[in-house]
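Read through the structure below, which is laid out as structure tokens, and then see the notes.
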Amino acid sequence: MPDPISSHGFLESARWDPGEWPHLLEALGTLAGLGPEPGRPPQAPREAARFEEWFHSACAAVGLEAQPVEVRGYRARQTLRAAAPAMIPLDGAALALVAVSHGTATLLKPDLSKVRIPLRALRDIVCRQMEAPYRAEAERLIAECGVAPRRRGKAVEAMLRERTRYQRAGFAYGVRRPPGAGFLETLRAAGLRREMTLLLGAHLAEYTLLMASWWLLGRGVLNGQIDSGVLAAWALLLASLLPFRAATAWLQGRIAIGAGGLLRERLLDGALKLSPDEVKHEGAGAFLGRAIEAEQVETLAISGGVLAALTLLEMLLSLAALAIGAGDLLEAGVLVAWIGIAFLLARRYYRLRGEWTAARLRMTGDLVESMTGHRTRLAQQPPSQRHTEEDRAMARYLDLSRAMDGVHARMMGGVPRGYLVTSLIALAPEFLSAQPSTAKLAIALGAVIIAWQAFRRLSGGLAQLSGAGISWRCVADLFQASARREPAAVAPAENPAEAGRVLSAREIGFEYENGRTVLANVNLEVDEGDWLLVEGPSGGGKSTLVSVLSGLRAPSRGLLLAGGLDLHTLGARQWRRRIAAAPQYHDNHVLGNTFGFNLLMGRGWPAGEADLREAAAVCEELGLGALLERMPGGLFQMVGETGWQLSQGERSRLFLARALLQNPELVVLDESFAALDPENLRQALECTLRRARTLIVVAHP
């Protein structure tokens, strides 16, 4: 099979050899405007199978995030377009895809110059190896059908695309700024700062044209000089508003969607970076409340923030117009006074909404916990006492709702109407004067009406921002947790392990933040092929030891090495690749996805045919074959959030299979056999001892 890159002569110069890949990654991030941090990406591996591991480590070393994207036949072009900037490995070499625009792909050459080719040609190169087995047959069929020679090329390509529609052609390894990077810089990289500037400019132009139309019409009415020329000019000014108003609405939508998506992405990333100690003290109800508040932050902060910013701009412009119009400083003073009143009411609303939100979250948490323990309450709690606490909480919630709604009504209705009445009263002396200035009156009236409309929007914007501020308290730690950095690999991806030594713990100690010591002076040497049994009483630190060995917790003192390297040298990804743990039943989880995903999530998803075959084989060895036969979808059967469709023993074996399928150097099992009956226990032990190269089992004595 010829090299797909060299078979296209115009791409030969765009070939990056493995020794140049670290420089490719740095240059790609710089040209894409991602601003990689100073760092030393590890050297690329000689083994193609370890490329993805190296790519993640190299991206982390320069402060970027790896985003592998699967390229399949039917969506190859769209996938390549969405993946840019990306690195595309092909037959021992790689292409650096900088950007895709208007059907043209821009590639970076090793001399840092650029070459542009049609996206269709890049798609053909990526998919060539996948389509090769079917090309001869397709060409023969097209020739036998009598298709004209000039049309055979397109017909063959169409047939190949359909034949390989759902086959995987490979991966495009995209790079991007990590969600935990500076949020303002992330907005800038996404082009949202430019769009915000355009939004303010469009709104300023809209306001200027609106004021000009008011000045023109008001002067004509007050002077009694309305003619066809004045009306035509007024109509032209109003027509000129339309493109700016449409641009304002369009830009508001783009900013809300773009910024909201980035915020949601960062909150999700932060949630995944919380430590076990930060998570274990919150129940399911508290997490449900956080999810609700995260949605509130996204919808209220983005829409309310944009609305409040535009409204304040209108207020400032109205203030300037009132200062030069009739009423002079008096009208300007009235506007400033009512702005102050609006903010005072918003402050009170913020306080009441905080108390109301806290009450609602407590009710949400109590409701979820009550539903979880409903059967226990039915069996042990007298019927007369089952709803006492709920009724008391509901009464408190209703009182807070009434108080908050009263302040909100004054903000939304009282402030705009109060300002309109007060400002018109302040203009009355100018109307009643002997020689009123029609131009100034027209400007002042236009500014008053625009400010009145702005007050209506300002009240809504402040209410939304208050809600977002309260919700922010619940998710701020998630936003900040996203900035945490996992240790990135310093050693090369193909660094060999210390000869025969899988794990070494020397004088390991661990204590919680409250000062309670759980582990002290732990020494452990695990060699390849060892089977170790760790026993101890409940609360003796066995589960803490498992979390320290698997890298979930950092030891408070001592030295922990995997293959002769510590966590900061090896990197978090490579550490988890070498040491896989199955935590205790209550610390493990079945995600709301397919059975196969829950099996292979630690290995990589989407899974290939070989991965699925091995997963099915492990299930058979663990005695889960009957379960797969019962499920209509087999490995692709949805098993429900928390695995409610599975028994406790089936879930335990699922957790065990998940650890074994990672093919690590060391498997650590924490009470993984406790829920199994004797027959299933025998099968699970035989499978584990057969598949685990090195094993640590934690159990009660």
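Here is how the numbers come out for the structure above:
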quantity	calculated
Test: residue in region 403-424 that is open to solvent by less than 10 Å² (accessible area, probe 1.4 Å) and modelled with pLDDT under 80	no
Residue within region 394-401 that is aliphatic (A, V, I, L, M), part of a helix (DSSP H, G or I), within 28 Å of Leu458 (Cβ to Cβ) and touching a residue at least 12 places away in the same chain (Cβ under 8 Å) present	yes
Hits in region 242-269 - residues which are surrounded by 17 or more Cβ atoms within 10 Å (Cβ to Cβ) and farther than 23 Å from Trp472 by Cβ	Phe244, Ala247, Thr248, Leu251
Of the criteria (1) at pLDDT 75 or above; (2) closer than 29 Å to Leu263 by Cβ, which one Pro487 fails	(1)
Failed item, numbered, when Ala61 is tested on (1) under 30 Å from Arg484 (Cα atoms); (2) at pLDDT 85 or above; (3) buried (at least 17 other Cβ atoms within 10 Å of the Cβ)	(2)
Subset of region 370-422 (residues that are of a type in the set (S, T, N, Q) and over 26 Å from Gln464 (Cβ atoms))	Ser370, Thr372, Thr376, Gln380, Gln381, Ser384, Gln385, Thr388
Residues of region 519-544 satisfying the condition of being open to solvent by less than 30 Å² (accessible area, probe 1.4 Å) and at pLDDT 90 or above	Val526
Region 659-687, subset within 26 Å of Gly539 (Cα to Cα) and among the charged types (D, E, K, R), residue nearest to the chain's Cα centre (by Cα)	Asp670
Given (1) under 25 Å from Pro416 (Cβ atoms); (2) open to solvent by less than 60 Å² (accessible area, probe 1.4 Å); (3) at pLDDT below 80, number of the condition Phe455 does not satisfy	(3)
Close pairs (7 angstrom Cβ cut-off, 6 or more residues apart or separate chains): part of a helix (DSSP H, G or I) in region 352-378, β-branched (Val, Ile, Thr) anywhere	Leu352/Val407; Arg353/Ile470; Gly354/Ile470; Thr357/Ile470
Sole residue being open to solvent by 30 Å² or more (accessible area, probe 1.4 Å) and either in contact with a helix residue (DSSP H, G or I) (Cβ under 7 Å, 6 or more places away or on another chain) or in contact (Cβ under 8 Å) with a residue 40 or more places away in the chain (or both), chosen from Arg613, Arg603, Arg578	Arg603
Among the candidates Ala232, Ala205, Ala212, residue that is assigned to a helix (DSSP H, G or I), among the small types (Gly, Ala, Ser) and open to solvent by 40 Å² or more (accessible area, probe 1.4 Å)	Ala232
Per-region count, region 665-684, residues surrounded by fewer than 22 Cβ atoms within 10 Å (Cβ to Cβ) and either at pLDDT below 90 or not in a helix (DSSP H, G or I) (or both)	11
Some residue of region 133-146 being more than 30 Å from Ala27 (Cα to Cα), surrounded by 11 or more Cβ atoms within 10 Å (Cβ to Cβ) and either under 36 Å from the mean Cα position of the chain (by Cα) or aromatic (Phe, Trp, Tyr) (or both)	yes
Failed criterion for Gly103 (all others in (1) at pLDDT 85 or above; (2) under 20 Å from Arg123 (Cβ atoms); (3) out of contact with any strand residue (DSSP E or B) (no Cβ under 6 Å at 6 or more places or on another chain); (4) open to solvent by 50 Å² or more (accessible area, probe 1.4 Å) hold)	(4)
Out of Leu198, Leu251, Leu242, sole residue that is of a type in the set (A, V, I, L, M, F, W, C) and farther than 24 Å from Phe183 by Cα	Leu242
Hits in region 88-108 - residues which are assigned to a loop (DSSP other than H, G, I, E, B) and closer than 20 Å to Phe51 by Cα	Asp91, Gly92
Flag if Gln662 is on the phi < 0 side of the Ramachandran plot, touching a residue at least 60 places away in the same chain (Cβ under 8 Å) and touching an Asp or Glu at 6+ places or on another chain (Cβ under 8 Å)	no
Among residues of region 545-571, those that are more than 20 Å from Leu660 (Cβ to Cβ) and open to solvent by 10 Å² or more (accessible area, probe 1.4 Å), counted	16
Residue that is nearest to the chain's Cα centre (by Cα) [pool: residues in region 44-58 that are within 22 Å of Gln129 (Cα to Cα) and open to solvent by 20 Å² or more (accessible area, probe 1.4 Å)]	Glu52
Checklist (1) surrounded by fewer than 16 Cβ atoms within 10 Å (Cβ to Cβ); (2) of a type outside the set (S, T, N, Q); (3) at pLDDT below 75; (4) within 30 Å of Leu441 (Cβ to Cβ) applied to Leu222, failing item	(1)
Residue match in region 281-290 (condition: open to solvent by 40 Å² or more (accessible area, probe 1.4 Å), outside any helix (DSSP H, G or I), closer than 30 Å to Tyr585 by Cβ and at pLDDT 80 or above)	no
Given (1) over 18 Å from Gln683 (Cα atoms); (2) open to solvent by 20 Å² or more (accessible area, probe 1.4 Å), index of the condition Gly623 fails	(1)
So Val618, is it under 34 Å from the mean Cα position of the chain (by Cα), β-branched (Val, Ile, Thr) and not in a helix (DSSP H, G or I)	no
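The values are calculated or read from the model by the stated rules, or taken from the named source; none is laboratory data. Just so you know, these numbers come straight off a predicted model, no measurement behind them. We place every Cβ from the backbone using ideal geometry, glycine too, and count neighbours over all the protein chains shown. Only protein heavy atoms, including side chains, enter the accessible area calculation; ligands, DNA and RNA are left aside. Shrake-Rupley method; radii C 1.70, N 1.55, O 1.52, S 1.80 Å.
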